[in-house]
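The values are calculated or read from the model by the stated rules, or taken from the named source; none is laboratory data. Everything quoted here is computed from the prediction, not taken from an experiment. Counting neighbours? That spans all protein chains shown, and the Cβs are built from the backbone with ideal geometry, glycine included. Surface areas here come from the heavy atoms of the whole protein model, side chains and all, with no ligands, DNA or RNA. Shrake-Rupley method; radii C 1.70, N 1.55, O 1.52, S 1.80 Å.
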Amino acid sequence: MLWIKAFHIVMVASWFAGLFYLPRIFVNLAMETETVANARLLLMARKLYRFMLIPAVLTVATGLWLWLGYGFSGGWLHAKLTLVVLVIGYHHASGSLLKKFENGANRRSHTWYRWFNEVPVLLLVAIVILVVVKPF
């Protein structure tokens, strides 16, 4: 189980790296006016979003494996899983925002994306605290 736990941690780190970087690309897309640069940023965003799906799926899969191995107990785990559902929702929301950029339908400012970029940081901090401290 320690191998699965180690792999789970690596996949979480990989997934969150993408969740941290994709909104930064959105910030640049929201500010960009040059067509060539916009196309390059969209290509980067599409490739990153597709890549993020792999560690996201492996994170969930190894998390389920750990759950089956260790069991489901403790209020901290319920709270953590609630936050994981929110992370999955954030991932999908990022995909929706990417589609808006691809269709030229973005109406949000770069400032909004800067705030949007902080959401996964807060979720990760809360999840790590719940896993390490197990406050309840």
Quiz item: Tilt of helix 35-70 relative to the longest C-alpha principal axis of the chain, in degrees (0 to 90, nearest 10)?
Solution: 10
Quiz item: Where does segment 1-48 land on Rg(C-alpha)/(2.2 N^0.38 Å)?
Solution: 1.59
Quiz item: Å³ per residue of the Cα convex hull, for segment 62-134?
Solution: 90
Exercise. Please list, or write none, the lysines whose alpha carbon is within less than 19 Å of the alpha carbon of residue 99, excluding same-chain residues fewer than 8 places away.
Key: 47
Self-check item: Candidate values (1) 35, 19, 13; (2) 31, 18, 11; (3) 32, 15, 11, label of the one derived for semi-axes √(5λ) of the Cα gyration tensor in Å
Solution: (3)
Quiz prompt | Among 110-117, 66-73, the order from most to least packed when residues are scored by Cβ within 10 Å on average | solution = 110-117, 66-73
Quiz prompt | Helix 75-102 axis, angle to the chain major axis (alpha carbon atoms, nearest 10°) | solution = 20
Exercise. Please report, as a whole percent, how much of the solvent-accessible surface of segment 1-84 comes from carbon and sulfur atoms (probe radius 1.4 Å).
Key: 73
Quiz item: So, in Å, what gap is there between the alpha-carbon centers of segment 40-83 and segment 87-114?
Solution: 20
Quiz prompt | In degrees, nearest ten, helix 119-133 long axis to first principal axis of the chain (Cα) | solution = 10
Quiz item: How much accessible area per residue does the chain have, in Å², with a 1.4 Å probe?
Solution: 61
Exercise. Sorted from largest down, give the three principal axis spans of the alpha carbons of segment 5-82, whole angstrom values.
Key: 53, 21, 14
Quiz item: In straight Cα distance, which aspartates and glutamates are under 16 Å from residue 100, not counting same-chain residues fewer than 8 positions off?
Solution: 32
